[in-house]
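Visitor: Structure in structure tokens, see below.
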């Protein structure tokens, strides 16, 4: 039985480990961060609201993700969109008001938070299948195996290594010996990483004052620090929040300044009650594990590129992050599909899977 190391404990890595474990194959997940989930990150709010700092929504068309959620016994609910929504084009003009038609295809969320999906996958794995704070710095070919070294000095041997971390992050942080072909390295460094550079925020409230005003909580703006906002209350409508995305330039501000600007904008649009949240949260999605900046020029750039579907280092090294998917790259659906594609590839390669 092959020794398999999966690099990255986000949705694609954990789904891959889960599927392999189901079929009797041991795999070790190495996660550089002190937590699992990657770009899925649900914080427990001050009042108990599941606050999403990362991936949140999915649709009817995300069939493999929906099947996995159902398989793990998790509930889902539609994104609240009832009432008046706002579109702000200029800061000195009243916002345009609109209503989202009920016939539009809804978005969905996971009851209790997207983090429930990560928790369920982790529970289904053996306790020793996941290693946190395992920052992979090199992958070296030695004889008929690969040696995976982490920053803490540990070296692990593997017959197959599956990179489920974002391709650009892998290219910038991991040394390969022998080196990957120059064209492969160039493409890896130019793969758009989803969430990199994004700023997610949330405001937790004791009451859903916007609903009482007949508002959906939905806002699109070209005029303020908040560029998108949605109702972020829980599935039972017992805990309440507004959440969305900030202008990317807000990363240069401190969190205190971002909070001040968010409350000013939301207060102008939704009234005095908006300026008194129980708590404010935000997350700037950049850093050593999710590098942001040049050279990626546009969304989806090189996502699903054929180079990402090939094997390297003697057909022992593969890529399976959501950015490798050709149908839903960057989405949670893409992560699940990438994992499933890799399981099928291992089967074709001769793994003893029923």
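Visitor: Roughly what angle does helix 11-22 make with the longest principal axis of the chain, taking Cα atoms, 0 to 90 degrees, to the nearest 10?
Guide: Once rounded, the angle reads 50 degrees.
Visitor: Something else now. Most mobile of 186, 109, 39 per a Gaussian network model of the chain (Cα springs, under 10 Å)?
Guide: 186
Visitor: In degrees, nearest 10, range 0 to 90: what is the angle between the Cα axis of helix 255-270 and the longest Cα principal axis of the chain?
Guide: 50
Visitor: Rg to Rh for the chain: what is it, with Cα atoms only and Rh by Kirkwood?
Guide: 1.00
Visitor: As a check on your grasp of the helix formula, calculate [θ] at 222 nm for the chain: sum -39500 (n - 2.57) over DSSP H runs of n ≥ 4, divide by the residue count, round to the nearest 500.
Guide: -6500 deg cm²/dmol
Visitor: Hey, what's the Cα Rg ratio for region 1-53 versus the globular rule of thumb, 2.2 N^0.38 Å?
Guide: After normalising by residue count via 2.2 N^0.38 Å, the value is 1.41.
Visitor: For a test of the definition: using alpha carbon positions, the gyration tensor, and the 1.5 limit on a/c, classify region 198-258 as rounded, prolate or oblate.
Guide: prolate
Visitor: Okay, next question. Take the Cβ-Cβ distance between residue 213 and residue 47 as r, set R0 to 25 Å, and report the resulting FRET efficiency rounded to the nearest 0.05.
Guide: In this case the efficiency is close to 0.80.
Visitor: Another question about this same structure. Give, in nm to one decimal, the length gained when the segment between residue 268 and residue 97 is fully stretched (0.36 nm per residue of separation minus the Cα-Cα distance).
Guide: Full extension from residue 268 to residue 97 adds 60.1 nm.
Visitor: Restricting things to Cα coordinates, could you compute the convex hull volume per residue of region 1-110 in Å³?
Guide: So the per-residue Cα hull volume is 179 Å³.
Visitor: Taking 7 Å along the Cα-to-C-beta vector as the label spot, tell me the residue 35-residue 151 distance in nanometres, rounded to one decimal.
Guide: 1.8
Visitor: When the chain is treated as a GNM, springs tying every alpha-carbon pair under 10 Å, which of 58, 176, 80 comes out with the largest mean-square fluctuation?
Guide: 176
Visitor: Hey, could you get me the Stokes-Einstein D for region 205-354, Kirkwood radius over alpha-carbon pairs, 37 °C and 0.692 mPa s, rounded to whole µm² s⁻¹?
Guide: Rounded, D is 174 µm²/s.
Visitor: OK, next. How high is the FRET efficiency between residue 22 and residue 349 when r is their beta carbon distance and R₀ equals 25 Å, given to the nearest 0.05?
Guide: After rounding, the FRET efficiency stands at 0.90.
Visitor: While we're looking at this one, here's another question. Pairing the Cα long axis of helix 332-348 with the longest principal axis of the chain, what angle in degrees results, from 0 to 90 and rounded to the nearest 10?
Guide: Between the helix axis and the principal axis of the chain, the angle is about 10 degrees.
Visitor: When only C-alpha pairs under 8 Å and at least 6 residues apart count, what is the relative contact order of region 182-232, in percent?
Guide: 21
Visitor: Indicate the gyration tensor shape class of region 135-228 (rounded, prolate or oblate), computed on the Cα atoms with a ≥ b ≥ c the square roots of the eigenvalues: a/c under 1.5 is rounded; otherwise a/b larger than b/c is prolate and the rest oblate.
Guide: Prolate, because a/c is 1.5 or more and a/b exceeds b/c.
Visitor: Which of 116, 168, 298 moves most in a GNM of the chain, Cα contacts under 10 Å?
Guide: 298
Visitor: Can you give the FRET efficiency for residue 71 and residue 247, using 1/(1 + (r/R0)^6), R0 = 35 Å, r = Cβ-Cβ distance, to the nearest 0.05?
Guide: FRET efficiency, residue 71 to residue 247: 0.35.
Visitor: Hey, another quick one. Stretch residue 141-residue 256 to full length: gain in nm at 0.36 nm per residue minus the Cα-Cα span?
Guide: Between residue 141 and residue 256, full extension yields an extra 36.6 nm.
Only the coordinates and a few stated rules stand behind these numbers; no lab work does. The model shown is predicted, which means the values in this text are computed figures rather than measured ones. Using ideal geometry, Cβ is built from the backbone for each residue, glycine included, and neighbour counts are taken over all protein chains shown.
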